[in-house]
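Asker: Sending over a structure as structure tokens; questions will come in a sec.
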Amino acid sequence: MRRVDLRGEVCPFTFVRTKVAMENMEPGEVFEIITDHEPAVRDLPRSLEAEGHEVISVEEVGEQEWRIVVRKKMS
């Protein structure tokens, strides 16, 4: 599974970096986003779902660190 490591990034750059990373992914591919920016935990899933991607899970994996698993939308 591919990983998009956004630790140290803040909104809106978390979304921009995610979109850039997704350009090299296949439709339907599942990937994980790692972030330490709490607002991104709310904003990223909402923005990705608005674009048609499937947010599979959002979980806290450490102190101030979250993992968001996403399936890229089918073309």
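Asker: Three principal axis extents, largest first, for the C-alpha atoms of region 6-45, in Å?
Answerer: 27, 15, 14
Asker: A50 versus E23, label points 7 Å from Cα toward the beta carbon: distance in nm?
Answerer: 2.1 nm
Asker: Can you tell me which of V20, V55, V41 moves the most in a GNM of the chain? Springs connect C-alpha atoms under 10 Å apart.
Answerer: Greatest mean-square fluctuation among the candidates belongs to V20.
Asker: A follow-up question, please. Just the accessible area per residue of the chain, please: how many Å² with a 1.4 Å probe?
Answerer: 59 Å²
Asker: Ignoring ligands, DNA and RNA, what percent of the accessible area of the chain is carbon or sulfur (1.4 Å)?
Answerer: Reported share for carbon and sulfur atoms: 48 percent.
Asker: Using alpha carbons only, how many degrees (0 to 90, rounded to 10) separate the axis of helix 13-22 from the longest principal axis of the chain?
Answerer: On a 0 to 90 degree scale, this one is about 30.
Asker: Filter the trypsin sites (Lys or Arg not before Pro) in the chain to those in DSSP coil with at most 16 other Cβ atoms within 10 Å of their Cβ, and list the result.
Answerer: Those that pass, being in a loop and sparsely packed, are R7, K73.
Asker: Please report the antiparallel percentage of DSSP beta bridges with both residues in the chain, rounded to the nearest 5.
Answerer: Here the share of antiparallel DSSP bridges comes out near 75 percent.
Asker: For the chain, what relative contact order do you get, as a whole percent, if you take Cα pairs closer than 8 Å and at least 6 residues apart? If you can, show how the numbers build up before the last one.
Answerer: Details: 127 pairs, mean separation 26.2, N = 75.
Once normalised by length, the contact order is 35 percent.
Asker: Okay, moving on. May I ask for the angle, rounded to the nearest 10°, between helix 38-50 and the longest principal axis of the chain, with both axes built from Cα atoms and the value confined to 0 to 90°?
Answerer: That works out to roughly 10 degrees.
Asker: Evaluate the charge dipole of the chain about its Cα centre and quote only its size in Debye, nearest 20, assuming +1 on the Cβ of each Lys and Arg and -1 on the Cβ of each Asp and Glu.
Answerer: Computed about the Cα centre, the dipole is about 260 debye.
Asker: Then there's this: With 5 Å bins from zero, work out the P(r) of the chain over every alpha carbon pair and list the percent per bin.
Answerer: All Cα pairs, binned at 5 Å, distribute as 3, 17, 32, 28, 14, 4, 1, 0 percent.
The values are calculated or read from the model by the stated rules, or taken from the named source; none is laboratory data. In this text, all values refer to a predicted model and were calculated from it rather than measured experimentally. Note that each Cβ is placed from the backbone with ideal geometry, even for glycine, and that neighbours are counted across all protein chains shown. Just the protein is used for accessible areas: all its heavy atoms, side chains included, with ligands, DNA and RNA removed. Shrake-Rupley method; radii C 1.70, N 1.55, O 1.52, S 1.80 Å.
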